[in-house]
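Here the structure is laid out as structure tokens; the discussion comes afterwards.
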Amino acid sequence: MSSELTPETALDLGLAEKALVSFLAEELAVSGLDGYVLGLSGGVDSAVSAALAVRAVGPERIHALALPGPTSDPASLADARLVADSLGIGLEVIGLGPAIEPLIGIAGAAGDRLRVGNLHARLRMTVLFDRAKAVRALVLGTSNKSETLLGYTTLFGDMAASVQPLGDLFKTQVWALAAHLGLPARVVEKPPTADLWPGQSDESELGFGYREADRVLYWLHERGASRDALVERGFPGELVDRVIGAWRRNRFKWRPTVVARLSASAINIDRILPRNPAP
């Protein structure tokens, strides 16, 4: 995967690193907890989150877990080990096969690849939050802006984290930041996958590549461009329709559970509170 940025995704990588490292250091300090727990998948997103957290609070305060399932690619675990070694952090491996297979049967989800994938994603977060409780830590998220806007994410799965350092970065910006941080080229350049079943690929499921989609998302989401305006800019109509369709269908994933408003001060509806209010 190319780590080159387009004009739409231009980013001061040094400034982004500084801001995100400061953010993670502050969030942990305010929480009063001892460190961060994250799932290290062998992919670029979790690698970047881990690298930023190491810079923010030190490798000794990072608890990385690899959580392979029965159909996970062994290469993913090898890449997770590569990232952990490059960052100087330990990696605990917990195979989820003994737990996920009975859960699939109990839920009656066998044969439904999407439901099985969602169960697996949520089980991963169950383990991470449990470990975070045990070691007094925050769960470090790994979701990026492109995945969220397109709905390529699982509510209460990969979206269920205490903090999301990559949530305002497009996927192409994550790739560029990964290269800037000096992460292993093998991890930066591999095709993105949630690794929930053999041969799974983000871009094959979405029907388009992140590099092209991010340019459309910039004009659509950041600049409010219409479909016609996007086509006039030279984007293929089929690409535009696919991106807009995913963007519209998945808006319900963009925010936490909707609260029914009964007062004039409903949290995150009427009153936006500072993330870290002064004591």
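Quick note: the coordinates plus some simple rules give every number you see, no bench work behind them. Only a predicted model underlies this, so the values are computations on that prediction, with no experimental measurement involved. Using ideal geometry, Cβ is built from the backbone for each residue, glycine included, and neighbour counts are taken over all protein chains shown.
For the reader, a short list of remarks on this structure follows.
- Cleavage-rule hits (trypsin sites (Lys or Arg not before Pro)) in the stretch 95-137: DSSP loop, at most 13 neighbouring Cβ within 10 angstrom: Arg136
- The stretch 7-201, relative contact order in percent, only Cα pairs under 8 angstrom and at least six apart counted: 27 percent
- At most 11 other Cβ within 10 Å, DSSP loop - GluC sites (Glu not before Pro), the stretch 21-72: none
- Dipole magnitude for the stretch 147-200: about 140 debye, using +1 per Lys or Arg Cβ and -1 per Asp or Glu Cβ, origin at the Cα centre.
- Convex hull of the stretch 7-201 built on C-alpha atoms - directionally averaged projected area, nm²: 10.5 nm²
- Sparsely packed loop sites in the stretch 101-184 (the chymotrypsin sites (Phe, Trp or Tyr not before Pro) outside DSSP H, G, I, E and B with at most 14 other Cβ atoms within 10 Å) comprise Phe156.
- Which of Leu119, Ser76, Thr153, positive extreme of dipole for the stretch 7-201 (C-beta unit charges): Leu119
- Dipole magnitude of the stretch 7-201 about its Cα centre (Cβ charges: Lys, Arg +1; Asp, Glu -1), debye to nearest 20: 240 debye
- Maximal additional length on extending the Val258-Arg136 stretch stands at 41.1 nm, based on 0.36 nm per residue less the C-alpha distance.
- Charge dipole (the chain, unit charges on Cβ, about Cα centre) - positive-most of Ala64, Leu128, Ile106: Ile106
- Dipole magnitude for the stretch 163-237: about 160 debye, using +1 per Lys or Arg Cβ and -1 per Asp or Glu Cβ, origin at the Cα centre.
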